[in-house]
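*Asks:* Below is one structure. I have some questions about it.
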Amino acid sequence: MTGLARLSVNQMTVKQLSIPELVEGCLELGVPGVGLWREPVREYGLDATARLVREAGLAVTTLCRGGFLTAQDPAERARALDDNRAAVDEAAVLGTDTLVLVSGGLPPGSKDLHGARERVADALGELGPYAASHGVRLAVEPLHPMYAADRCVVSTLAQALDLAERFPAEQVGVTVDTYHLWWDDTVPDQIARAGAGGRIHSFQLADWTTPLPEGVLVGRGQLGDGSVDLRLWRGLVEAAGYTGPVEVELFNEGLWARDGREVLAETAERFLKYAG
């Protein structure tokens, strides 16, 4: 299906599938790209995953995730930087040029959002050149404000760009994710800003459905099931000059409980219907 030419399915959308099953399913449907996660890749084997995906002719559009860079303790900070360098190395082996970063939440006992964001900036200053030397870009992903305390102190695209623009675009850009940003009426201007600077390194789709599940991490809705005008969002990033993959990333226990091949096929169909 030619309408799938830019589709990438993030591994978490169908996490019940093994890496070989995901690759086989994408080939059968004509899905040309996959977004991978570090933990299942390590479990299957980094080199084995890279070889399997490469021989299948699939593009690895992103590797998730790096980040968690807000620690105040020097030893914790050093461990986080080492882990992110390892993530860059893994991305390079897998052949992707984009490592998605989730910044991290507030350290225990802290209420200093500004200070936490500045520590993210300091880390980007160290990691950006290392990533670029390996042919990898860092994509700072703003998460919905409900995650600011424990997971991501970067809540808006404007905040992400304020961080990214301190560094060369070939080192640091942003991820635009509809699930996290759909509510923000300043986003069209910020997407234009990101596009003008060549900083849209990743574009991800998920729908917003309510009520949110307990824990909220697994509330990302299947395309078309919620409140987001997905085709409008695709139009916004393309008007800003983005021509890269369109990655569907869903965390949803209802989807994970189903047959993974069926979910993969449904995702491709929904992509064509609502975002193609």
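*Asks:* Scan (1) out of contact with any Phe, Trp or Tyr (no Cβ under 8 Å at 6 or more places or on another chain); (2) in a strand (DSSP E or B); (3) not acidic (Asp, Glu) for the single condition Phe203 breaks and write down its number.
*Replies:* (1)
*Asks:* May I ask you to list the residues in the range 88-111 that are closer than 12 Å to Leu63 by Cα and touching a helix residue (DSSP H, G or I) at 6+ places or on another chain (Cβ under 7 Å)?
*Replies:* Val88, Glu90, Val93, Leu94, Gly95, Leu99
*Asks:* Could you list, in sequence order, all residues of the range 123-140 that are open to solvent by 10 Å² or more (accessible area, probe 1.4 Å) and either touching a Ser or Thr at 6+ places or on another chain (Cβ under 7 Å) or without any contact (Cβ under 8 Å) to a residue 40 or more places away in the chain (or both)? Talk me through it step by step, then tell me what you get.
*Replies:* Restricting attention to the range 123-140, the residues satisfying the condition of being open to solvent by 10 Å² or more (accessible area, probe 1.4 Å) are 125-126, 129-130, 132-135, 137.
Answer for the range 123-140, where residues must be open to solvent by 10 Å² or more (accessible area, probe 1.4 Å) and either touching a Ser or Thr at 6+ places or on another chain (Cβ under 7 Å) or without any contact (Cβ under 8 Å) to a residue 40 or more places away in the chain (or both): Ala132, Ser133, Arg137.
*Asks:* Oh, and also: Please find, among Ala240, Ala196, Ala206, the residue that is of a type outside the set (Asp, Glu) and open to solvent by 30 Å² or more (accessible area, probe 1.4 Å). Even if it seems obvious, please write down each step before you answer.
*Replies:* On the way: Ala240 fails: open to solvent by 30 Å² or more (accessible area, probe 1.4 Å); Ala206 fails: open to solvent by 30 Å² or more (accessible area, probe 1.4 Å).
Result of the check over Ala240, Ala196, Ala206: Ala196.
Quick grid of which residues meet (1) at pLDDT 95 or above; (2) open to solvent by less than 50 Å² (accessible area, probe 1.4 Å); (3) part of a loop (DSSP other than H, G, I, E, B):
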site	(1), (2), (3)
Met12	yes, yes, no
Leu17	yes, yes, yes
Leu22	yes, yes, no
Leu27	yes, no, no
Val31	yes, yes, yes
Val34	yes, yes, no
Pro40	yes, yes, no
Glu55	yes, no, no
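*Asks:* In addition: Out of (1) surrounded by fewer than 20 Cβ atoms within 10 Å (Cβ to Cβ); (2) farther than 19 Å from Pro40 by Cβ; (3) among the charged types (D, E, K, R), the odd one out for Arg119 is which?
*Replies:* Going through the list (1) surrounded by fewer than 20 Cβ atoms within 10 Å (Cβ to Cβ); (2) farther than 19 Å from Pro40 by Cβ; (3) among the charged types (D, E, K, R), Arg119 breaks only (1).
The values are calculated or read from the model by the stated rules, or taken from the named source; none is laboratory data. Just so it is clear, the structure is predicted and the values come from calculations on it, not from any experiment. FYI the Cβ positions are ideal-geometry reconstructions off the backbone, even for glycines, and counts take in every protein chain you see. In case anyone asks, the SASA skips ligands and DNA or RNA and just uses the protein heavy atoms, side chains included. Shrake-Rupley method; radii C 1.70, N 1.55, O 1.52, S 1.80 Å.
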